[in-house]
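Below: one structure, written as structure tokens.
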Amino acid sequence: MRRIRRVAAAAVAVALLGSSAACGGDEGGTPTINLYIGPEQNLQKVVDDCNAKAGGQYRISYQVLPRDADGQRVQMVRRLAAEDDGMDVLGLDVTWTQEFASADWILEWTGENKAEAERGTLAGPLASARYEDKLYAAPKNTNVQLLWYRSDLVSQPPKTWDEMIQQALDLKAQGKPYQVITMGAQYEGLVVLYNTIAVSAGGHILNDDGTKADMDAGAVRALEILHRFATAGVTSPSFSNTIEDPARLEFQSGGGAFQLNWPFVYPAMQEAAPDLAKNVKWARYPAVDASTPSRVTIGGYNLAVSRYSKHPDQAFAAALCLRNAEHQKFSAINDGVPPTIESVYADPEMAKAYPMKDTILEELKDPAVRPLSPAYQNISTVIAAALSPPSSIKPEQTAKQLRGSIQDALESKGVLP
Amino acid sequence: MTSVADRGAKHRAETLSKVDKARLSEGKRAERRLAWLLCAPAVLVMVAVAGYPILYSVWLSLQRYDLKFPDEREFVGLSNYVTVLSNEIWWTAFGVTTLITVVTVAVELVLGMALALIMHRTLVGRGVVRTAALIPYGIVTVVAAFSWRYAWTPGTGYLANLFEDSAPLTERASSLAIIMLAEIWKTTPFMALLLMAGLALVPEDLLKAAAMDGATAWQRFTKVMLPVMKPAILVALLFRTLDAFRVFDNIYVLTAGANDTSSVSMLTYNNLIRGLNLGIGSTMSVLIFVAVAIIAFIFVKLFGTAAPGSSEEGRR
């Protein structure tokens, strides 16, 4: 009996070793290109299409990372720090490209690959893929938040934060759904919210070359607005603990009149709450001053090639295929992620499935970019901590504190909360 | 490990007659050699998997080493320790960790003792009672933490809905209370299990004799049971204190450290894994290691904690 068990254990061990060795799968034949990126419902179809078109040059294998950005980054960072050669194409959030390039984890794009990645690509997303004037990634999709509002409650979408708060208060007084739902938890989403308001107010968090903390008058004014918003009684009770998807769910369940969120909420709402979706409209994100349009922080994903990839040539080709115009259109229509190639917006198919495309393109042409720095993650962490919960912001004092802690983060001194 | 073996061997040697001593100590020495040989593989593995990382993190803690800036790696001596130990965030996290440790271990000791007495005295369905009591401990902490989080989130949560218009996880005091509640809920059964093993050490005769002498139930508990159980209680406290000091999962899921609810482990994770700052992060992990070592030292040397059965008291 014992011998049988031992033999069985050995057999299992051999099988495990065998299967893990097979993962590499590149002893002759088609090389496997491992694509590591967060979940996108229909990305597998894009991958299949690229594989069919590759004509045996490579076979992309879609490895799904966690849903939340922090989880995605942590997993990739740990494997890259260990020089894992099992990753080829990396789906990087726009804020990670400088960091990964500075850490020497991703390869520079050059020659024909570079020209292809830059052709027709919007300037904002492209800026996020550069580091020290070199291109380190190809923008796959961009993203920008919109103001979603219930047209059965609000006849005219608010143009500014003041107007939005006022409209919400009016609705509250009438006993109607009134909440402004958005992301206020201590994480990147709160920094995006703050960056959008700060840039819309003409403020700067860092100086122009990204070497010093600035926090000028515009940045302080944004702190005031965020504080007022959080204390005006128009947010949901869990505002300071809310991230993207819970915000969407909260709005879908009917409690809110406004939602500030990414376009993914649109296809999700069509599916999960079609009755509500009929009344939900969108508008440009609220501005700080009525005379100056808002400038909204862009998000999105870039595709980079790992330095430790065993097949860099095929990896570049695979990345280009995954983000070509046709596939960007497919992903926009099916997964709600906005394209980075401008011409895609003009495609007639886009109009039906993506009715908010004009508003998005309008925001994308005059975007707010998050501070470009390899230390962005650390800057973001200290900002999120200083702004959390938003109701506790004391504008002047918080700005002063941030000047110090952002400067420390830039110099990789100091402690991250 | 050696001290336990040593003491055991010495104890045995003392009980042997002096005539046999010389002959047997020869055998004893051979026995000890064999013991070392048998231990060697385990010791080597321990050195490789535990010793090496500890030394390596001490080495890293003496450097400026940020993965984002690989070219700026340099030896900086103790300056990382100065940075961390003079930082308000670190001390806030240290305070939170200490608070959670003290409160949860104290509450768990009381509840665990009550639970242990119940489990010990149950006559009907003993197996069922013990299994039921152990369920929280069997659930993966992260999973349990998620259900606590949803329970305390307005809208989805039955607990949050008890309080009108409030989101307890968005405020510091209530977040800390919820974190401690989740910790206590999860590990009280473990405490009870250790204490139940201690209860088994209390001889029935002793209790009966005390009862005969007119001791009340409370007197029997405090004057007879507690002193006899002391080694078991100390072991339980030691295990739980070390465990509680490393609290991570519940905080990670419930608040992710928002509103100053980070523990030192959470802070270390943020600096090391998310911030990619190996220097500062390693410094923190070395400091945690030192703190844990101090706790263990206090328990073992000052309170005289020992593994059950290895000390004189445990031999009863």
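Key figures
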read-out: Qualifying residue in the stretch B:66-84 (condition: surrounded by 13 or more Cβ atoms within 10 Å (Cβ to Cβ), part of a loop (DSSP other than H, G, I, E, B), without any contact (Cβ under 8 Å) to a residue 12 or more places away in the chain and within 14 Å of another protein chain (Cβ to nearest Cβ)); value: yes
read-out: Residue match in the stretch A:249-257 (condition: away from chain B (no Cβ under 14 Å), part of a strand (DSSP E or B) and at pLDDT 95 or above); value: yes
read-out: Residue in the stretch A:121-133 that is within 14 Å of chain B (Cβ to nearest Cβ), farther than 26 Å from A:Lys357 by Cα and crowded, with 16+ Cβ neighbours inside 10 Å present; value: yes
read-out: Some residue of the stretch A:31-49 being loosely packed, with under 10 Cβ neighbours inside 10 Å and either among the polar types (S, T, N, Q) or at pLDDT below 95 (or both); value: no
read-out: Residues of the stretch A:152-174 satisfying the condition of being closer than 19 Å to A:Tyr285 by Cβ, hydrophobic (A, V, I, L, M, F, W, C) and either surrounded by fewer than 22 Cβ atoms within 10 Å (Cβ to Cβ) or in contact with a strand residue (DSSP E or B) (Cβ under 7 Å, 6 or more places away or on another chain) (or both); value: A:Leu153, A:Val154, A:Met164, A:Ile165, A:Ala168
read-out: Failed criterion for B:Asp20 (all others in (1) surrounded by fewer than 14 Cβ atoms within 10 Å (Cβ to Cβ); (2) over 26 Å from B:Asn250 (Cβ atoms); (3) modelled with pLDDT of 85 or more hold); value: (3)
read-out: For A:Ala81: the one exception among (1) farther than 30 Å from A:Met183 by Cα; (2) at pLDDT 95 or above; (3) not β-branched (Val, Ile, Thr); value: (2)
read-out: Among (1) on the phi > 0 side of the Ramachandran plot; (2) within 14 Å of chain A (Cβ to nearest Cβ); (3) of a type outside the set (A, V, I, L, M, F, W, C), the one test that B:Gly275 misses; value: (1)
read-out: Which numbered condition A:Pro177 misses (of (1) within 14 Å of chain B (Cβ to nearest Cβ); (2) surrounded by 24 or more Cβ atoms within 10 Å (Cβ to Cβ); (3) outside any helix (DSSP H, G or I)); value: (2)
read-out: Criterion (among the acidic types (Asp, Glu), in a helix (DSSP H, G or I) and within 14 Å of another protein chain (Cβ to nearest Cβ)) met by exactly one of A:Asp408, A:Asp358; value: A:Asp408
read-out: Residue within the stretch B:176-183 that is over 17 Å from the mean Cα position of the chain (by Cα), more than 14 Å from chain A (Cβ to nearest Cβ), hydrophobic (A, V, I, L, M, F, W, C) and outside any helix (DSSP H, G or I) present; value: no
read-out: Selected residue (criterion: nearest to A:Asp408 (Cα to Cα)) from residues of the stretch B:87-144 that are part of a loop (DSSP other than H, G, I, E, B) and either within 14 Å of chain A (Cβ to nearest Cβ) or not hydrophobic (A, V, I, L, M, F, W, C) (or both); value: B:Asn87
read-out: B:Leu278 at pLDDT 90 or above and under 25 Å from B:Leu176 (Cα atoms); value: no
read-out: Of all residues in the stretch A:224-241 being part of a helix (DSSP H, G or I) and in contact with a Leu (Cβ under 8 Å, 6 or more places away or on another chain), the one that is surrounded by the fewest Cβ atoms within 10 Å (Cβ to Cβ); value: A:Leu226
read-out: Residues satisfying the stated conditions in the stretch A:104-120, i.e. more than 18 Å from A:Tyr36 (Cα to Cα) and crowded, with 19+ Cβ neighbours inside 10 Å; value: A:Trp109, A:Asn113, A:Ala117
read-out: The stretch A:185-205, residues that are among the polar types (S, T, N, Q) and away from every other protein chain (no Cβ under 14 Å); value: A:Asn195, A:Thr196, A:Ser200
read-out: Checklist (1) surrounded by fewer than 22 Cβ atoms within 10 Å (Cβ to Cβ); (2) modelled with pLDDT under 95; (3) closer than 30 Å to A:Glu163 by Cα; (4) among the basic types (Lys, Arg) applied to A:Lys394, failing item; value: (2)
read-out: Residue in the stretch B:250-267 that is within 12 Å of another protein chain (Cβ to nearest Cβ), modelled with pLDDT of 90 or more, touching a Gly at 6+ places or on another chain (Cβ under 6 Å) and not in a loop (DSSP other than H, G, I, E, B) present; value: yes
read-out: Residue match in the stretch A:258-268 (condition: of a type outside the set (S, T, N, Q), farther than 22 Å from A:Pro339 by Cβ, buried (at least 16 other Cβ atoms within 10 Å of the Cβ) and within 14 Å of chain B (Cβ to nearest Cβ)); value: no
read-out: Which listed residue, of A:Thr381, A:Thr340, is within 13 Å of chain B (Cβ to nearest Cβ), of a type outside the set (Phe, Trp, Tyr) and buried (at least 20 other Cβ atoms within 10 Å of the Cβ); value: A:Thr381
read-out: Output for the stretch B:278-293, where each listed residue is out of contact with any Ser or Thr (no Cβ under 7 Å at 6 or more places or on another chain) and within 14 Å of another protein chain (Cβ to nearest Cβ); value: B:Leu278, B:Leu287
read-out: Per-region count, the stretch A:384-405, residues of a type in the set (Val, Ile, Thr) and within 14 Å of another protein chain (Cβ to nearest Cβ); value: 1
read-out: For A:Glu349: the one exception among (1) in contact (Cβ under 8 Å) with a residue 60 or more places away in the chain; (2) surrounded by fewer than 19 Cβ atoms within 10 Å (Cβ to Cβ); (3) among the charged types (D, E, K, R); value: (1)
read-out: So B:Ser61, is it within 14 Å of chain A (Cβ to nearest Cβ) and either touching a Ser or Thr at 6+ places or on another chain (Cβ under 7 Å) or at pLDDT 90 or above (or both); value: yes
read-out: A:Val94 being within 16 Å of the chain's Cα centre (by Cα) and free of Cβ contacts under 8 Å to residues at least 24 places away in the same chain; value: no
read-out: Residues of the stretch A:362-378 classified as out of contact with any strand residue (DSSP E or B) (no Cβ under 9 Å at 6 or more places or on another chain) and either within 9 Å of another protein chain (Cβ to nearest Cβ) or buried (at least 24 other Cβ atoms within 10 Å of the Cβ) (or both), total; value: 2
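Every residue, every condition in (1) within 14 Å of another protein chain (Cβ to nearest Cβ); (2) in contact with a strand residue (DSSP E or B) (Cβ under 8 Å, 6 or more places away or on another chain), yes or no:
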site	(1), (2)
A:Gln63	no, yes
A:Val74	yes, no
A:Ala82	yes, no
A:Asp88	no, yes
A:Gly91	no, yes
A:Ala103	yes, no
A:Ile106	yes, yes
A:Trp109	no, yes
A:Lys114	no, yes
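The values are calculated or read from the model by the stated rules, or taken from the named source; none is laboratory data. Please read these numbers as outputs of a predicted model, since none were measured by experiment. Every residue, glycine as well, gets a Cβ built from its backbone with ideal geometry; the counts of neighbours run over all protein chains shown.
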